[in-house]
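Novice: Dropping the structure in here first, questions after.
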Amino acid sequence: MAKRKRSVPGGGSVYQRKSDNRWVAKFKVEETGKWKELYARTEKEAYSAAHTEALCKEAEGGLSAGRVRGIHAVLHRALEHARRVKLVGSNVCNDVELPRHVQREIQPLIVEQALPLLQKVKGHHLEAVLALALTTGMRRGELLALRWQDIDWQKRTLQVRRTLMYMAHYGFKVGEPKSAKSKCTILLPQFVIEALKRHRTVQLENRLQAGEEWVDNDLVFPDKHGKFIVPLTLDNHFSRLLAEIGLPHIRFRDLRHSAATLLLSMGVPAKVVQEILEHSDFGTTMNKYSHVLLSMQEEAMSKMDDLFREHL
């Protein structure tokens with residue numbers, strides 16, 4: 001065996017085999033504890049297999065499995081194009097082991113939690129964004145990309161037209177909503193309209209204080225200078241707020257699940273909930289919130305039993 005080269009990020013090494021002169025990237029798979037070898041025609045390609053594997057492992061430490069798989073998919077497409085135009089000999093992403101996707105348990109707020117939350121945040125700078133999230137189920141990126149021009153005060157409606165994404169070292173990107181279905185019009189409850197009006201008054205005061213430092217992006221939920229908010233910052237503010245008011249910790253995205261659960265528990269038809277949450281198909285709503293629908297069935301059957309049992 002040829003002399004081993006220096007180690008690579010994430011552990012392991014790269015070396016050339018004497019038998020066929022192929023280059024080998026060797027590293028340990030953390031899940032199994034076993035060593036794995038990837039083969040390449042050149043030393044450069046071998047190091048690229050090792051770096052790709054290390055990238056996924058590094059990302060895995062701070063990102064969800066779904067996000068890591070998304071990053072891998074983008075990298076795979078880029079390398080596949082490079083392979084087709086002969087820039088690289090192979091697509092090393094084909095040999096990278098990805099983390100298994102684990103469905104996280106949904107933790108929606110129940111009515112007894114949602115009501116005190118909105119009561120205690122009245123006048124707080126998060127009041128309007130939480131009221132919108134909890135009643136409409138809008139996604140975090142859709143809320144942070146929302147502009148005042150998207151709200152019709154007379155009709156009490158809001159249009160979802162865009163979403164905000166953020167990547168470290170690359171910055172913000174405003175794109176289309178998650179699906180074409182997401183470009184929809186949502187009717188807002190009157191108490192949400194009132195919260196938004198209070199929020200706008202405070203924002204105008206902040207704008208005057210900021211003076212020339214204010215950047216007019218027409219954003220409903222900007223930072224103190226009118227610029228986009230990093231999504232993780234909103235998550236952190238929300239977590240601190242929950243701790244302050246004594247409610248159990250949930251993710252900001254669980255407010256979307258809370259909206260669906262509350263709507264269904266109030267007897268709103270699942271088809272209407274699908275439209276409000278902008279699910280692309282009815283099956284998504286049925287599958288995701290089957291536990292709520294089951295409890296509704298139990299209530300319905302109980303009423304049916306009360307209606308007929310005494311007469312049969």
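Novice: Could you sort out which of Lys173/Lys224; Lys120/Lys155; Lys197/Lys224; Lys122/Lys271; Lys227/Lys271; Lys155/Lys271 sit more than 25 Å apart by Cα distance in this structure?
Specialist: In this structure, Lys120/Lys155; Lys122/Lys271; Lys227/Lys271 lie more than 25 Å apart at Cα.
Novice: What is the set of long-range amide H partners of Arg147 at a cut-off below 5 Å, with H atoms built 1.01 Å from backbone N?
Specialist: For Arg147, whose amide H was placed from the backbone, the distant partners under 5 Å are Val220.
Novice: So what are the radius of gyration and Dmax for the Cα set of the stretch 111-252, in Å?
Specialist: Rg, Dmax (Cα atoms, Å): 15.0, 44.
Every read-out reported here was derived from the displayed coordinates using simple, explicitly stated rules and does not represent laboratory data. The shown structure was predicted, so the numbers you read here are calculated from the model rather than taken from an experiment.
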